[in-house]
Every structure is written in C-alpha cells, then in structure tokens.
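Inspection log for the structure reproduced underneath, given as structure tokens.
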Amino acid sequence: MSYFLLLAVNGLVIGLIYALTAAGLTLVFSVLKVVNFGHGSLYMLGGYASYYIITALHVPPLVGVAGAMVALFIFGVVFERLVIAPMYTDKVERKDEYAIIVTFGLTILLTNLGLVVFGPFAKSPPSFMTGALILGPLILPYDRLIAAVTAVVLLVGLALFLKRTSLGQALDAVSQSRESAAVIGIDPLRMYTVAFGLGSALAGGAGALIAPIFALSPSMGDLPAVQAFIIIVLGGMGSVGGSIAGGILLGLVQGLGVGYLPDPNRALAYTQAFGALLLVVTLLVRPTGLFGRSHLRLE
Amino acid sequence: MTRSSLFSRATQAILLMAAVLLPVLGIGPYWTHVGAIAWYYALLAASWALLAGFAGQFSFAHVAFAALGGYASALCIARFGLPLPIAIIVGIVLAMVTGALIGALVLRLSGPYLALFTLAISEIFRMMLIAEEDFTRGMLGLPVPGLFPGRSDLPYYYLGLGLVVLAVAGMNWLLATRVGLFLRAIREDEGAARASGVDTTRYKILVFVVTSVIAAIAGIYYGHFIGILTPNMAILPEMGLVVAMAVIGGIESLPGAVIGAVVVYLLSESLRSYGEWRFVLMGLALILVQRFAQNGLFPILEQWSRPRRIGRSTAKTASIKEERHAG
Amino acid sequence: MPADNNAPFFSVEGLAKHFGGIHAVEGLSFTLSRGEIVGLIGPNGSGKTTTINMVTGALKPTAGAIVVEGTDMARSAAHLYARRGVARTFQVPRLFRRMTVLENLMVPALSEAAARHAASETRAREVLAFLRLDHLADDYARSLSGGQQKLLELGRALMLKPRLLLLDEPFAGVHPRLLDQIAEHIRSLNRDGYTIVLVDHNLEAVQSVVTRVMVMARGRKIADGPAADVLRDPEVVRAYTGTRVH
Amino acid sequence: EEPIALGWVGPLSPPGNYSGGQEMQWAVQLGVDEVNKAGGVLGRQINVTYEDTKGQPADGSAAAIRLITKDNVAAIFGEFHSSVALAEIEEAHKYGVAWVGTDVWADAITAKQYPEVYRLAPANSLVYVKAADWTVEQGFKNVAIIAENTDFGQGGAKVIADELEVKKVPHTLVTIDLAQQDFTPALLRLMSQDPKPDAIQMVVAGQAQYQLVKQACQLGFAPTAATKLIGSSGLLQKEVWEVAGECAKNLLIVNVAQPTSQWNDKTKAFVKAFTERFNRAPTGVAMEAYDTFNVVVEAIKKAGSADRGAIVKALEGIKYEGTNATYNFPTTKAPDWAYHQFVDVPFTIIQYTAMNQAPGDAAVVYPKKWATSDKILP
Amino acid sequence: MAEVASTSQSHDWPRSAPLLSCENLVAGYTRDIDILRDLSAKAWAGRISCVVGPNGTGKSTLLKALFGFLKPSSGRVRLGDKDITGQPPFRMLAAGLAYLPQRPSLFPHLTVETNLKLGLWHARPKKAVLAEKLERAYARFPIIREKRAQPAGQLSGGQQRQVEIARSLMTDPSIYLIDEPTAGVDPQTSELIYEIVRDLARDLGKAVLLVDQDIRAALAITDYVYVVKNGAVFSEGAREDFGSDTDALVARWLYASGE
Ligand SMILES: Nc1ncnc2c1ncn2[C@@H]1O[C@H](COP(=O)(O)OP(=O)(O)OP(=O)(O)O)[C@@H](O)[C@H]1O
Ligand SMILES: Nc1ncnc2c1ncn2[C@@H]1O[C@H](COP(=O)(O)OP(=O)(O)OP(=O)(O)O)[C@@H](O)[C@H]1O
Ligand SMILES: CC(C)C[C@H](N)C(=O)O
Ligand SMILES: [Mg+2]
Ligand SMILES: [Mg+2]
C-alpha cells in the first residue's frame, strides 16, 4: 500500500513541475498560436541560468530560480522581437507554421550551443534543502517538496494574473482575435512579446526548479517538452487550470501505471506511454481536452 | 490549383535530370549515400505536405508511420521468416489499415488537438518499440537485411529517387482531381465543405491512408537501406525535422517539400565538418531561412523566374470593369 | 423540375434544440411544398439560424423529425443533406478563404459524383457573372469585400442545384441595386421550381420575394401564413417589425 | 606525403553519453598531437576525423560509412555504446576496415568474430562474472540488478543473473531507459520488495547513474548499511559529487583501470598531460581511448603501411604496452566472445570513502592483490 | 470624376474644420493593387458623414486605412490638426477614434460582459464608472443583459452585432467609424441603433463616419454623403442642400451609388 502511496505522491510532485512547463507552453500557444518546439530548451536554459546565478552570486537557491525566470523572460522577449515578431507582417502567408520552424531551429540551436558552452559534464545547483520529509510511510525529498510547492504558487499566481489583471485580460483577448484586440486598443504584437517572455520565464522557472533534483544537461528539456505537450492538450489548450489538472493527472497515471502493471520491466518502459494513452482516451471522449474551450465561431 | 507555371515545371525537370545524372557523374559513394537518405526525408516531407499543407491535418505521427513500415517489414523477415516482397507488402498494408484507423479516430479533432493526439499515438508506438524488446530489440536496434547485393549505394539511390518521383507524381495527380479541391476545402472550413456536399469523413480518411502508406514505404526503404532500425526514428525531433523540411520548401507544393528535404538534409551533412558547432549552425540556418524567406524557398524560386503577375486578374482590372458598368 | 404543389416534400415536426439551459428552438413544425418560397423572420436570437443548421445537418436536433421526401434525416450527416438537394448559405460567410473564388464554386459543383469538370466550370463562371464577381474569379476568397463574400456564399449554394435552398440573410450588406437583382434572381429560381426559404431582416426585400411568411420568436413559431396577412398581425408587429414596415 | 586518415567514433551529443565521449575524444587528441609532434608514423602525419554517433545505432552505421567512403580512413576506433558499436562493425566488416573498440562491453561485439573487429575494453562476461562472484563472496543475499536497455546493459545483466543463478543467490532485474530522468518508480519497486535487496548492481553507463544514486539515496534506500550500491565507470567523473553530493559517499564502483599503485610511466605521463591540457583528471575511459589510438598506431607501424587489409592483419599479432595494460588480441574462438578480445583487462572494485574523493584515492576493495581495504563500508 | 458640388450657400459648416479628414489617400492590400485611389473625405463634430457605394468599392478599406489597419502608400490622415497617418490601430482609441468593423470583432470565448468591459480596456476605468456604463448598455439592449454571462460566441448573429455596438459605445471617443452597423440586426433594434447613432452626433457632438448599405435608413440621419466608386469619391454633398424629401434623395443617391 505504502508503495502505491509513494508512487502517487512522487507522480504528483513531478506532474506539478511539468504542469509549470506546460503552462508556459499553453500561454505561448494560445496567444501566438505557435506550437513552441523550443520550449524544452528554454527549460534547459532556465536550469543553467539558475546554476550560474547561484554559483556566481552565492545567492540562496530559490533566489536563483527567480533570477532564472527573469533571465529567461528577457531572453524570450528578445528572441520574440528579433525572430518571431517580424513574421507578423501581412507578407507571411501561414505564420503559425513558419513559427514552428523558427522554434524548431531554436531548440536545435540551444541544445547544441548548450553542449558547446556549458560543456558535456553534468552540473547541478545546490539543493534547496537536503534531506527528505518522512511522514510514516511517506518519503518526500525536500527538494521535490519545495519545487512542487513553488510550482503551485507560480501556477496559482499565473492563473490570477490572467484572470484578474488587465494585462492578463489583454493576453486572453489577443489569443482570440488579434484584429479585434487592436480595435479595442490592445497592441497585439506587444502581447505576443509579453506572452513569449512569460512562457519562457515559466519554462525557465520549471527548469530551475528541476535542476537540483535531476541535475543539468543540455538535453534535459527533451522529455519534459513532450510531457508538457501532452499536459496542455489533456487539460485543454489555453487553460492554466487545465495545465494544473493535466499535470497532476499525468503524474498520477504515470506513477500508478508503473505500480499496477505486473511485469516490472515493461511497466517502467511504458511509464511515458501511460500519459500518452491517457491523452488519447481523453481526446476521444472530449475532443477539446478536459477544460478546453470548445470551438466557437462568430455568427 | 494546378497553376504550376511553365518555369516551375522546367526547374523541376532540370532538378530531376540533375538528380538522375549526379551519381554517375561521380559525386562519389559518400554523397550517393547521403542522397539516398535524403530521398527518405523527401518522401516523408512531401507526403506530410499533402497531409498538413493541403488537407490541413497537422499530424505528428508521420515519422511513426515510417517506423511502422520499416519495423513491420524487418520483423516479418527476422521473426517470421517471410520472404522480402511479402514483408514489404505486410508493412504497406499495415500502414494502410493503421492510417485509416487514425484518420477515423481524429475525425472530431482539429488544430493542436489533432497534432498532439497524433503525437501521443506516435509516442505510445515508440514506447512499444522500446519496451517490447524481446520482439523488436528495442534500443538495441533491429538489423535489417539489404535489398540489393554488394555494397554500392547506387541502387538504393535510384530506388529512392524513383519512389520520390512516383509518390510526388501520384499525389500531384490526386491533387489535380476533385479530391485535391475537397481536401483544401476541408482544410479551410470543414463545416462549409460538408454543407457543399463533400463527404469530409471519407476524404479525411483517404488522405491519412495515402500519406501513411507513402510514409511507410519511406520507412521500409530506409530500413532496408540503412540496415538497422531503432525506435528513435520516431522521436519528436525527427518529426520536427520533417516539418521543417516541408515548410522550408513551401508546404503547399509537393516538389517544394522535396526540395526542402534535400536542401535541409544536404545542409546538415555539409555542416558536418564544423564538428560540435554543426547543429548550432543548423539551428541558426533554420531560423535565418525562416526569418528571411518566410514563405519557404520554393515560392521564392518560382517568383524569381516568373514574369511579373500573369494570369491573375487583379483588382485593378476589376475596378476598370466596374467603371465600365458605372459609365 | 416539375412543381407538384400538393406533396409536402419537406417537413419538420416538433423540432427542438437546447444548448444547456437555452432553448434556442422549441416545438417547431412546418411543411414546405415543392416550389414554395417562404420567408422565415424573427427578432435576433429567435432561432432562425439554429433552425437552418438543424435542417441541413450542421447541428443535431435535441428532438424532432426532419422529413425529406418521406425519409427522416434528423440524424444524417450534413453532406447527405447537400446530396439530397438541400443547400444553405451561412449568415456570416464561411468561405474557403485560401481558395480562389472559382474554386469555391467548384467544390459544391464537383461534390456530385457525376459532375464533369468542364461543365461545372462553365456553370460556375455563369454564376460568377450573374453575381458580378467574374472579374475576381482567380482571387482568393478572403480578399473579397464583406458584400462580395455574401454573394459568393449565395453562389456556392446555387452551384449545388438544390431543390431546397435555405438562405440565411443573403441581403445583409448588399448594395440596394444588386439586392434588387438578387431578389429577382431568387424569384426566377423559384419560378424554375426551386423551393426556397429566405431568412432576412430586410422585410421589404423579403416581402418582394416570398408568398408565405413564418415568424419565430424566442425559439417558437408565432405566425405562419400569406406574407401580407402575417406582417400585419399585431403580435408580429409587436415582436418584430416595429414601425418599419407599414 | 599525405597524412594517414583515421576515424574515431563516439557519442558527443545527446542522447548519447557525451561526457564520456568527450573524455575519450580529448584523450585521442592528446595522443594524435604527441604522435604527430614526434614525426608521425611511417613518416606521415596522422589525421583523425571525429564522428559524433550520438549514442544512436543508425548514426553509428552512417558515421562508419562516411569515414570509410568519404574520409577514406585506414582504420576506425573508439565508441562508447555497445549497441552503436554493433551497428558500426557491420559496415567495417563489409568494407574490410579495422575497427578497434574502446569502451564497449557487449559480448556480441567480438562474438561475431569479424576479423576486422578488435576490442580493448572487457567483454561483459569478463567483468560481470567476477563482479557477481564478488557479491556472492561478500555474502549478499538479495541482489538487485538495474540495467539500461542496451546491448551493454542487457548483456551485462544477463551475465550477472546467470552467475547468481549458478551460485543460487536470489536476484531481481529492473530495466531502465536512459532517456528517463526520474527513476524513483523503479527504485520504489525494488524498495518495496520483501526482503529488501542488500546490494544493487547498476549496469548503466554514463550520467543516468547520477540520478539513480541520488534518488536511491534520497529515498533512504541505498547506499546504506542495509543496501550497497555498485555502479560503473560513469561515476568516476568528479561531477558525481556535484550532483549526488553526500549520497555518493560509500558508493562502490566497478572500474576497469589499474589502481594508482600500478601506474607505469606512460600512465603517469598521460595523466599529467591530460590534466594540464584539459583541466580535469582523466578517468579509466580516457586511458582506454588513448591506448586504443596507440594500438592502432602500433598496428600501422607493424603493417608498414596504411593499407586497410594490412592493418587488420597487423592488429592480430600486436603486443603493445599502454597506460592501462599491455594489449594483445588472441584468436581463440572459445568462448565465442574471446576472439580478438583483450583479456587481461585490469579490473577493480573501489569505494569512495570521503566526500569529493578522487577515484585514485578511493579504497580498492577488489581484487585481493591490489586491495587497500579489506572491508566495505556501510 | 464628376464632383456634384453643392450649389446652395445656405450652410457653410461643410467648409468648417473637420475633426477627422483624409486627403488623397492611396492604399491597398498588396503592393501592386491600390484599392483606395486618391480618396479624400471628412467627418465633422456633431455631424454624420455617410459613405455609400457598390460592393467591393473600397468603403470598408477606407475605414481600415483611417483606423490604421492599412498603411496608405500616399495621402494624409488628420485628426484635428494632428497627422495620424500610419499610426498603428491600437493607438487610435486612445487618440479618440472608435471603430466598428464590418467583420465580427468580438472575443467569442469571453462572456458578453467581459467583452463589454474590454471596450474600456485602454482607459482602465474605475469600478463604479464601469458598472454604470455596463448598466447603460444593458438598459439599451435588453437582450444583452439576458445573455451577459454567456460566451459571446454563443450568441446569434444579430445579438453579437448588438454587443459590438454596445461595446463601442462604452468608450467616449470624439469620432466613430461605423461599418454597416445594422446588417443582420432585426428592424426594431435597427431603428434603435440609428437613433443612437443620430444622438451621438446631435446630442453628444461626436463626429461619425458611417458606411452603410441600408441607404434609406442611413440617409435619413445623415448630414453629408460621399458616394465612393472605384476607390475614389464619385460625388459628395451635404444633406441639407436637398431639402426634406428623403425618398427623392434616396432615389438620387441610389442612382449615383449604383452600378
Ligand atoms: N484582405 C484583402 N486582401 C486583398 N484584397 C482585399 C482585401 N479586402 C478587400 N479587398 C478588396 O478590396 C476591394 C474593396 O473592399 P472593401 O471591403 O473596402 O469593399 P466595400 O466597399 O466595403 O464593400 P462592401 O459593401 O461589400 O463591404 C474589394 O475589391 C476587395 O476584393
Ligand atoms: N452554441 C450555442 N450555445 C448556446 N446558445 C446558443 C448557441 N447557438 C445559438 N445559441 C442561442 O440560441 C438562440 C438562437 O440563435 P440563432 O442564431 O438561431 O438566432 P437567429 O434567429 O438566427 O438570430 P439572428 O437574427 O440574430 O441571426 C440565441 O439566443 C443564441 O444565443
Ligand atoms: C559502463 C560502460 C563502460 C559500458 C559501455 N559504455 C558499453 O555500452 O558497452
Ligand atoms: Mg441568424
Ligand atoms: Mg465593406
């Protein structure tokens, strides 16, 4: 029993951190309509950013996380302005698809630049807190606990930001119609930049939170990127709440899937597949994910 | 649609000639090998362009279909000892059936939901390839027998080229019929297409079947050529590469996608001498091409060659007519 | 097409559509005889478009039957309606935006299996000429002006050679001169035996075309009869027309 | 005169174990520079083309073809991943080019008995039978094997399992995928067994082990008094301390390098030069890589030409003293993997005993003749 | 191109300074095709200027160019005496220009109420102000109140149009660019909307530039008429110059603006 409890808790924690990654991805998708292939490498950059901030400035690890988010926000903004924004002219026929290429290029560029710049040897920022929380049968390393709690705080903050602030509403408006947003005085291109910056910051934050847990490597973003894709669709595109729910669900299903499949080796090999299967089943029942907006057209 | 200008047909002919002649003109075994791999990507990119560019079905399972074909054929030989032609047919039929199945499953899905549904399917399939190690050899890699005796890559090169020409010609023929029109109508507005009497279900499934079969053929070709298959041929970055190729070539042109695939693959090969910087440059090149050739390379090629505006009545002539009415 | 006015070739019985708690259409019944031309009017949100959506298969009714020539098609897919000659236009144009104007017309023309390409194109060009869009034949549909899009929307429905044509606000945003011509064309289609249901808020134009009017309000049919009588009905005046038509 | 072209293969980018690959490549560079500075071989300079195989079999075979057909290399050497090596040797065999493996352990590589294929690294059967015997000697009653899903991992695990079977020691096998980051579910599964394993043998290459060590330790599972943790050479890199911290203390590592006490002059010179040039101490992998290169050079010298066939032949009769051992390649075909397999690979099991310890300072607990400590720490 | 200049001297406000004007505007969607070809028009405070013309002649294009969605390749757009040519559209509302496009412009997934509130996004109003404006909108269009908690995309076409109009009335700009406000709106509501538009000019002193195909209704409230053809003004003149016979006027403009 305690075995399943442990698996569930572990899945939950990892799921929450991936949810943070997913929230950034869904934000970028819903506002820019860009499926950001580069999200995993932004996550990776965030991890390294926090590492260098912490080791160079000798600040506490959580400050490093905050610093990484700021750094990635700036990176996202600059990248969007330099490379993505110029595509939003009327010259470009199918912006969304072209943006995919740009972000795909970004991920190839960053992963390999990471290899050259950060070197091939593993790095890891210091723990948030060493040791583990032990409650009866439950063992939860503090690093994971703190990362999960921080992720929740960031996610709730993001949800509130999008719901309550006027900037958040503007992002939502632009996500539905760029032209209509301009009609009511919102600069859509600026919102694109903001959304990409925020999305990058969230990816970076997630990477920074993971860094002490899984260590850093230039390819650390590959797996979470796929997971994040699954989570956003599971929860429903454009919904932060959906990302949270999707992340938790994914974590639990993957954790427990491992536990319940009798053949241990198969079970482990199929860990990722459980999440994907969950997604497939969900979409067959609800074609817009759990909390996705159904398709509405203006009549 | 079949507005392919005289030039573009001429360029295509010239490029095709070049593709046929280059190996015998002595580009050497290495570049022949590279070219043969490029045909694999060209098949994938062109069929994906049909699926995504024309029919609007942004499937991310395309490389998984290549893996399906490749593995099916290889496993038929390795595990069941079937003769090669039968194995290949099994691979193709399997892709046909699976393509129809996926086409039917995604009927209600659109946009990112379709894309990521297919990604999930593709991941599950890849996971199976990894996990069912006893059968597929998983990450160890599955050895595949060759198609031709000897160690020259030339026969593969011409086989690949032939497949590309056949596939593109076949798909272009399909596009020139009413099916092409319907596929684009489905891409634009499925509801309106249905209201216009188009059986959208049928055509969506059809396009999945056609493109899946081509992808599977590509995979079969690749497996028997390379001699080893691993589940990694269906990872997301591979899919991304195919998308990049199709889009860079111009997603609404099948020859464009072929050109895109060849250009991107040759680029990545020729950057090899830059060692660890190779992929950095590759990423940079992708970004820059996109930044400055935003509608893809093929349209640019076409534009260069085409005399300014032909055959398209413009609003200018429109207003002249209007004046006549008014007068 | 022979106009046998007695056989109700299209009828709707107890049709309803609920969106959650919203009863967009409720207990709607009517019959159309072959060759009839009927106006369907009512205030904004009274359920006209929802009705058209249901009787063309775009929306599945919550309840009710849709009988076309004796078969209940309430559960059929949209393209089957089209194949049976039930065509519609969309209130807000839903064109194939990245296809040319001509191609937009070729889609319905070729959706019939027997259609030949050359003949279809000739007909498409005729329709374009009539709608005065012929000079735009090779332009992308998305580059049309608002009014032109409405015209193309109409043209696309005409290409299906429908036996029942449901027009959702074909006159909105169309210049009065052209409007008159379209109205005339609709009349002539009707003379040729087409059955037509016309939804529009331009009552003058509706009146000039139809012989019978059905009025909806809040999802229900509140009046049905000869145009002149119905439009004078005080309840209709109160619910809908106001002072605008005298 | 034209330089002699040689080809090196190995992982330099993900998903391969690029940190190991990097060490290998550096060691080769060092060797190349030394040879060239000393005037080359047969009066010709040496030019090595480095191919990144990303740990992917398909990339490996493509790399081999490229080296053979495009760069016209006289011989190929290197590689870290057994599965990739297995793909490469097919090409080498097809074209009759010598292929000398640096750190690939799968039995199958030499078991194919291709005349072109030679291996400096041990075969799994060489090492893991001994490792298994040692666990039995130590009195472990319940051994868990965590193996990666590659030819190396699966092959090694099978060797251990078979040996434990023979010795009647209960054992369980868990397979992991290197792309994973969270191995907690796998560890929890082992942890929930009754009785809990008292030793875990990791047949995993590269950095995935760091995660395993750290996650096992955070769960309070291993290394502990109750459960020992035994890993492979990836753990020799100093980064293990950065990633796993305290958790790496008391780790046991299967090492195929000589203990410091046995170093010869070549070893000392190499370690010094490597450390100066690349600013980090080489691990056993680097020594093997350096030796591989020098073995190839030796073969060219012996063959008296850079002819592919001549090199293949020359390797067979070679006897070369390197930094880590004195190499020769027997032609016996029993057991099948022994063909062209160097057998006297130095083999130790060491244990870290203090934080931030260098592998050279760690306690040697096996074999007896080199041991610096006779008991393993809890 | 014939200029039907006014002959009467009785009113000279058309010669007074306009609030919004464009001179010799040339603009189009693609580089080589001009839709607007040398078009000049004005809108005066307290007056309604109406643009009529056949379909596809460039009326909506004119509004788009004025609002900044299209950059004119030559010509000027002036707001008062400020040159606003080429300013991006999202600046316009703050500059005092509101735009009701011909194409639907709501946010389909947001509730009707949020859509209305977003009309004031640029102004960041106080809660009380917002509540009061919302109340006013609801009072005018009862159906909107009924549907306020529903996503706007679930409304019928005419209902959506009402929401859009209500939204553009949330703000208080000095100039309104209105493109076919009543297309698809039922007769009673249409009447209400034309009343509202009239009051905007008469009572609140706004400048209104109205594009409409419902020529009869538009001319009934209009002060100045432009007939646009082929992207240029074909004829223009003040309403007052033609006396009070609307039907005759309509007939005349219809002729002028027809084909
Ligand atoms: N996005 C666009 N791209 C290219 N051409 C366009 C675009 N929008 C409109 N046009 C062209 O510009 C011309 C004028 O269009 P506009 O929308 O201004 O017409 P309009 O006068 O408003 O007509 P309507 O009364 O039908 O709304 C039309 O011929 C149309 O084809
Ligand atoms: N998808 C939906 N979800 C919820 N309510 C809907 C949906 N579609 C329509 N409705 C509601 O159903 C009612 C009828 O809408 P419908 O579009 O049929 O009206 P209509 O008569 O065509 O009006 P209009 O004249 O404005 O076009 C409206 O109150 C509308 O809000
Ligand atoms: C532990 C490692 C030295 C094993 C080696 N990388 C192999 O794959 O064979
Ligand atoms: Mg309607
Ligand atoms: Mg217009």
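The values are calculated or read from the model by the stated rules, or taken from the named source; none is laboratory data. Remember, predicted model here, so these are calculated numbers, not experimental data. Note: ideal-geometry Cβ built from the backbone for every residue, glycine included; neighbour counts use all protein chains shown.
Miscellaneous remarks
- Condition check for D:Ala131: buried (at least 22 other Cβ atoms within 10 Å of the Cβ), away from ligand 2 (no atom under 16 Å from the Cβ), at pLDDT below 95 and not in a strand (DSSP E or B): yes
- Filtering segment D:28-35 for residues that are touching a residue at least 60 places away in the same chain (Cβ under 8 Å), away from every other protein chain (no Cβ under 14 Å) and within 20 Å of the chain's Cα centre (by Cα) leaves a non-empty set.
- Taken over segment C:43-76, residues that are within 14 Å of chain E (Cβ to nearest Cβ), among the hydroxyl-bearing types (Ser, Thr, Tyr) and farther than 23 Å from E:Ile143 by Cα amount to 0.
- Against the criterion of being away from ligand 5 (no atom under 16 Å from the Cβ) and within 13 Å of chain C (Cβ to nearest Cβ), E:Val129 does not qualify.
- Candidate set: segment E:88-102, residues that are crowded, with 19+ Cβ neighbours inside 10 Å and assigned to a helix (DSSP H, G or I); chosen: the one farthest from the other protein chains (Cβ to nearest Cβ): E:Met92
- Spans of helices (runs of 4 or more DSSP H) in segment B:71-137 with at least 3 residues of a type outside the set (D, E, K, R) and farther than 19 Å from B:Asn232 by Cβ: B:84-105, B:111-131
- Residue within segment D:315-329 that is within 16 Å of ligand 3 (Cβ to nearest atom), closer than 24 Å to D:Ala106 by Cα and either surrounded by fewer than 24 Cβ atoms within 10 Å (Cβ to Cβ) or of a type in the set (Phe, Trp, Tyr) (or both) present: yes
- Of C:Leu40, C:Leu28, all but one fail to be away from every other protein chain (no Cβ under 14 Å), within 16 Å of ligand 2 (Cβ to nearest atom) and either buried (at least 19 other Cβ atoms within 10 Å of the Cβ) or farther than 27 Å from C:Tyr240 by Cβ (or both); the exception is C:Leu28.
- Selection within segment C:163-178 - within 14 Å of ligand 5 (Cβ to nearest atom), among the hydrophobic types (A, V, I, L, M, F, W, C) and assigned to a loop (DSSP other than H, G, I, E, B): C:Ala172, C:Val174
Let's see how each residue does on (1) on the phi < 0 side of the Ramachandran plot; (2) within 14 Å of chain A (Cβ to nearest Cβ):
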residue: D:Gly96; (1), (2): no, no
residue: D:Asp133; (1), (2): yes, no
residue: D:Val143; (1), (2): yes, no
residue: D:Thr150; (1), (2): yes, yes
residue: D:Gln154; (1), (2): yes, yes
residue: D:Asp162; (1), (2): yes, no
residue: D:Glu165; (1), (2): yes, no
residue: D:Ser192; (1), (2): yes, yes
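- When E:Lys42 is tested against the conditions (1) more than 9 Å from ligand 1 (Cβ to nearest atom); (2) not in a strand (DSSP E or B), the lone failure is (2).
- Matching helices (runs of 4 or more DSSP H) fully within segment B:161-234 where at least 3 residues are more than 14 Å from chain C (Cβ to nearest Cβ): B:200-226
- Hits in segment E:145-186 - residues which are more than 16 Å from ligand 4 (Cβ to nearest atom), within 19 Å of C:Gly45 (Cα to Cα) and either assigned to a helix (DSSP H, G or I) or free of Cβ contacts under 8 Å to residues at least 24 places away in the same chain (or both): E:Arg145, E:Glu146, E:Ile165, E:Ala166, E:Arg167
- Residues within segment E:45-73 that are more than 11 Å from ligand 1 (Cβ to nearest atom) and within 13 Å of chain C (Cβ to nearest Cβ), tallied: 0
- Segment C:78-159 holds helices (runs of 4 or more DSSP H) entirely within its bounds, and those carrying 3 or more residues that are within 9 Å of another protein chain (Cβ to nearest Cβ) map to C:78-83, C:101-111, C:146-159.
- Only one of the listed residues (C:Val127, C:Val213, C:Val199) is crowded, with 24+ Cβ neighbours inside 10 Å and farther than 20 Å from C:Gly57 by Cβ. That residue is C:Val213.
- Exactly one residue out of B:Gly275, B:Gly250, B:Gly311 is at pLDDT below 80 and touching a strand residue (DSSP E or B) at 6+ places or on another chain (Cβ under 9 Å): that is B:Gly275.
- Every residue from segment D:214-266 that is in contact with a Pro (Cβ under 9 Å, 6 or more places away or on another chain), within 14 Å of chain A (Cβ to nearest Cβ) and β-branched (Val, Ile, Thr): D:Thr224
- Residues satisfying the stated conditions in segment E:53-101, i.e. closer than 14 Å to E:Ser40 by Cα and either aliphatic (A, V, I, L, M) or within 16 Å of ligand 4 (Cβ to nearest atom) (or both): E:Leu62, E:Leu63, E:Ala65, E:Leu66, E:Val77, E:Leu79
Let's see how each residue does on (1) under 20 Å from A:Val28 (Cβ atoms); (2) modelled with pLDDT under 95:
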| position | (1), (2) |
| --- | --- |
| A:Arg178 | yes, yes |
| A:Gly185 | no, yes |
| A:Leu198 | yes, no |
| A:Leu202 | yes, no |
| A:Gln227 | yes, yes |
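- Against the numbered list (1) within 24 Å of D:Ile109 (Cβ to Cβ); (2) of a type in the set (S, T, N, Q); (3) outside any loop (DSSP other than H, G, I, E, B), D:Thr267 comes up short only at (1).
- Screening D:Phe152 with (1) within 22 Å of A:Ile17 (Cβ to Cβ); (2) in contact (Cβ under 8 Å) with a residue 12 or more places away in the chain; (3) surrounded by 24 or more Cβ atoms within 10 Å (Cβ to Cβ) gives one miss only, at (1).
- Considering the conditions (1) at pLDDT below 90; (2) away from ligand 1 (no atom under 16 Å from the Cβ), C:Val92 is excluded by exactly one of them, (2).
- Residue within segment A:221-229 that is under 13 Å from the mean Cα position of the chain (by Cα) and not in a helix (DSSP H, G or I) present: yes
- For D:Ala289, the conditions (1) at pLDDT 95 or above; (2) within 17 Å of D:Ser19 (Cβ to Cβ); (3) surrounded by fewer than 23 Cβ atoms within 10 Å (Cβ to Cβ); (4) not polar (S, T, N, Q) all hold with the exception of (3).
- Test: residue in segment B:242-258 that is within 30 Å of B:Glu133 (Cβ to Cβ), more than 9 Å from every other protein chain (Cβ to nearest Cβ) and buried (at least 24 other Cβ atoms within 10 Å of the Cβ): yes
- Residues being charged (D, E, K, R) and either more than 18 Å from C:His185 (Cβ to Cβ) or at pLDDT below 90 (or both) - total across segment C:107-162: 9
- You will find that of C:Ile182, C:Ile222, the residue that is within 24 Å of B:Ala192 (Cβ to Cβ), at pLDDT below 95, out of contact with any Lys or Arg (no Cβ under 9 Å at 6 or more places or on another chain) and of a type in the set (Val, Ile, Thr) is C:Ile182 and no other.
- Any hit, segment A:256-266, residues being away from ligand 4 (no atom under 16 Å from the Cβ) and either within 14 Å of chain E (Cβ to nearest Cβ) or at pLDDT 90 or above (or both): no
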